[in-house]
Amino acid sequence: MRIIWLGQAGLLFEAENKIIMVDPYLSDSVEKIEPQNKRRVPVDKSFFDIKPDIIVLTHNHLDHTDPDTLKHFITQSSNMLVLASGNAWNTVRARFGGNNNYVMFNRHSEWTEGNVKFTAVKAEHSDENAIGFVMEAEGKKYYVTGDTLYNKNIFSDLPEGIDYVFLPINGRGNNMNMEDGKRFCEQIGAKAIPLHCGLFDDLDMNKFGYENKVIPEFYKEINL
């Protein structure tokens, strides 16, 4: 398994001979409507050369479902699987069309692609269709929470034996802060990879108090 942090909540997985991209944000789209949210880390345009097999979009906020980023991957000539929560599904299906397989991937939905299984789980966020998901691949369970607050109803959606959890800890925009993120990870008991910091803010993820963690670096492989 190879995993790269794309910044914000974006992730790139290479597993079971498939390239899986999650919530890529590689533009300045947010700054155009929210000038205070200016990129502090430049876009690495080399990622535009990647041809993902699967894109997962957890919700319809611009730093997760960004047409200016997605246009480099989803085209009229591409033929990829797009797993998107309800509002994001409406956005990308209308914008890009083509021969891509747009799957409305809401809570409790499951999709198996080859040897990789995806299960959508609850996220508590300001997009009412927001999801997290659990990806099972190469004998491990990878849980990407999506943008979410701490909510006890999430835990009943999760399978036992999660190995890794990727979660926001920035404490803004209806996301967990570091303290709630710590409690969340303690409940799950998995190794944690904190996200959603450092692009629009100067938060230091090393201050995240959960002990069993790996701090990612922009555009670099995450060594789990």
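Where a number appears in this text, it was derived from the coordinates with a stated rule and is not lab data. What you see is a predicted model; the values in this text were computed from it and never measured. We place every Cβ from the backbone using ideal geometry, glycine too, and count neighbours over all the protein chains shown.
Worth pointing out:
- Against the conditions (1) under 22 Å from Ala120 (Cα atoms); (2) β-branched (Val, Ile, Thr); (3) touching a Phe, Trp or Tyr at 6+ places or on another chain (Cβ under 8 Å), Ile50 satisfies every one except (1).
- For segment 77-105, the tally of residues that are within 18 Å of Lys18 (Cβ to Cβ) and in contact with a helix residue (DSSP H, G or I) (Cβ under 8 Å, 6 or more places away or on another chain) stands at 5.
- Residue list for segment 121-146, filter: free of Cβ contacts under 8 Å to residues at least 40 places away in the same chain and crowded, with 24+ Cβ neighbours inside 10 Å: Thr145
- Test result for Ile162, hydrophobic (A, V, I, L, M, F, W, C), touching a residue at least 24 places away in the same chain (Cβ under 8 Å), surrounded by fewer than 22 Cβ atoms within 10 Å (Cβ to Cβ) and assigned to a helix (DSSP H, G or I): no
- Considering residues of segment 85-115 that are in contact (Cβ under 8 Å) with a residue 40 or more places away in the chain and not in a helix (DSSP H, G or I) only, the residue nearest to the chain's Cα centre (by Cα): Ser85
- Qualifying residue in segment 147-156 (condition: among the hydrophobic types (A, V, I, L, M, F, W, C), crowded, with 22+ Cβ neighbours inside 10 Å and in contact with an Asp or Glu (Cβ under 6 Å, 6 or more places away or on another chain)): no
- Selection from segment 165-187 of residues that are of a type in the set (A, V, I, L, M, F, W, C) and either farther than 15 Å from Gly132 by Cα or surrounded by fewer than 18 Cβ atoms within 10 Å (Cβ to Cβ) (or both): Met178
- Every residue from segment 178-207 that is outside any helix (DSSP H, G or I), more than 19 Å from His64 (Cβ to Cβ) and not acidic (Asp, Glu): Gly189, Ala190, Lys191, Ala192
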